[in-house]
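As structure tokens, the structure follows; a few thoughts come after it.
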Ligand code: G1P
């Protein structure tokens, strides 16, 4: 069966980005000039997804407005003859059919996915988490769909992470495989490094069979008192084969300040209209910074003599 639907959970409060997220959804924070959620929806569309559902919560209206038509803006851009901007704005609302459902209580990622049960029905579907943006030649979701098409089983997108990051992620243990796809033996949500079966982390992209919904309905709260998708996948593993696919691409953890800033700088440097001036500015700025540091270290050494 083909994967044509995607679920994008966006109900989190974004407390790691306060005060920016006090009155706006974290998914609307821009990387250069595009909200993060638009990168995610574009990845879904470029991967062949035809229907998207975004799981929202209170204070997330800006996301709905973003993918809606903006008549006043279109009329104004048209009157001013700003054809390129008009085209850009229209492309956003024409991207794909976006549906919305509200998660009424913050009960965890597993619970958020369960809110999409009626929308998904009896089909395999993609999940894309908004905290992870991946720059890749072939969109990650597309890579996973290709792997799903071969295996006809759930596929989780993974990459190796540094030891100190293991406890931040769902971790998988897998056996041998080929072409980057391996059969999962076990999964555990955010284990301590000593208890982790590996340092292969789940990084925000999944293709999952609909059997997950009945499991989620019966999954007890796990780590952090929340209903965890990883725990439900662990149960799924007892019923069906589950695979992990090591995807190609540079992944940015947008939910983290450092990751967010890296994404802004690297996406800006990858843009033809921004690169040259921005690179020159960065270079000069860092040169001045390093010079200052160097002179103050020399001064401190002199003083200590
Ligand atoms: C979620 C998942 C976790 C996964 C991570 C990827 O955690 O529960 O398994 O590794 O996303 O970014 P969160 O970061 O939402 O706490």
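The values are calculated or read from the model by the stated rules, or taken from the named source; none is laboratory data. Model, not experiment: these values are computed from the prediction. Virtual Cβ from ideal backbone geometry, glycine too; neighbours counted across all protein chains shown.
Worth pointing out:
- Selected residue [closer than 26 Å to residue 266 by Cβ and surrounded by fewer than 16 Cβ atoms within 10 Å (Cβ to Cβ)] from 91, 64, 50, 74: 91
- Positions within the range 173-194 being under 22 Å from residue 8 (Cβ atoms) and either assigned to a loop (DSSP other than H, G, I, E, B) or more than 15 Å from the ligand (Cβ to nearest atom) (or both), in sequence order: 190
- The range 235-252 - residue that is within 24 Å of residue 161 (Cα to Cα) and crowded, with 21+ Cβ neighbours inside 10 Å and, of those, nearest to the ligand (Cβ to nearest atom): 251
- Extreme residue, nearest to the chain's Cα centre (by Cα), among residues of the range 77-88 that are surrounded by fewer than 16 Cβ atoms within 10 Å (Cβ to Cβ) and outside any loop (DSSP other than H, G, I, E, B): 88
- Any chance residue 10 is closer than 29 Å to residue 270 by Cβ and surrounded by fewer than 16 Cβ atoms within 10 Å (Cβ to Cβ): no
- Qualifying residue in the range 273-287 (condition: more than 16 Å from the ligand (Cβ to nearest atom), under 25 Å from residue 191 (Cα atoms) and modelled with pLDDT of 95 or more): no
- Of residues in the range 24-47 being without any contact (Cβ under 8 Å) to a residue 60 or more places away in the chain, touching a helix residue (DSSP H, G or I) at 6+ places or on another chain (Cβ under 9 Å) and part of a loop (DSSP other than H, G, I, E, B), the one surrounded by the most Cβ atoms within 10 Å (Cβ to Cβ): 25
- Residue check, residue 120 over 26 Å from residue 250 (Cβ atoms), in contact with a helix residue (DSSP H, G or I) (Cβ under 7 Å, 6 or more places away or on another chain) and touching a residue at least 40 places away in the same chain (Cβ under 8 Å): no
- Pairs linking a residue in the range 270-289 that is farther than 15 Å from residue 32 by Cα to a residue that is surrounded by 10 or more Cβ atoms within 10 Å (Cβ to Cβ) and modelled with pLDDT under 95, with Cβ atoms under 7 Å and 6 or more positions apart or on different chains, do not occur.
- Hits in the range 148-160 - residues which are more than 16 Å from the chain's Cα centre (by Cα) and surrounded by fewer than 23 Cβ atoms within 10 Å (Cβ to Cβ): 149, 150, 151, 152, 153, 160
- The condition of being touching a strand residue (DSSP E or B) at 6+ places or on another chain (Cβ under 6 Å) and under 25 Å from residue 136 (Cα atoms) holds for only one of 251, 275, 271, that being 251.
- Selection status of residue 157, within 14 Å of the ligand (Cβ to nearest atom) and not in a helix (DSSP H, G or I): yes
- Helices (runs of 4 or more DSSP H) within the range 195-305 that include 3 or more residues over 29 Å from residue 5 (Cα atoms): 257-269, 275-304
- Among the residues making up the range 212-225, those that are within 13 Å of the ligand (Cβ to nearest atom) and in contact with a strand residue (DSSP E or B) (Cβ under 9 Å, 6 or more places away or on another chain) are 222, 223, 224.
- Residue check for residue 202: within 12 Å of the ligand (Cβ to nearest atom), buried (at least 20 other Cβ atoms within 10 Å of the Cβ) and within 20 Å of the chain's Cα centre (by Cα): yes
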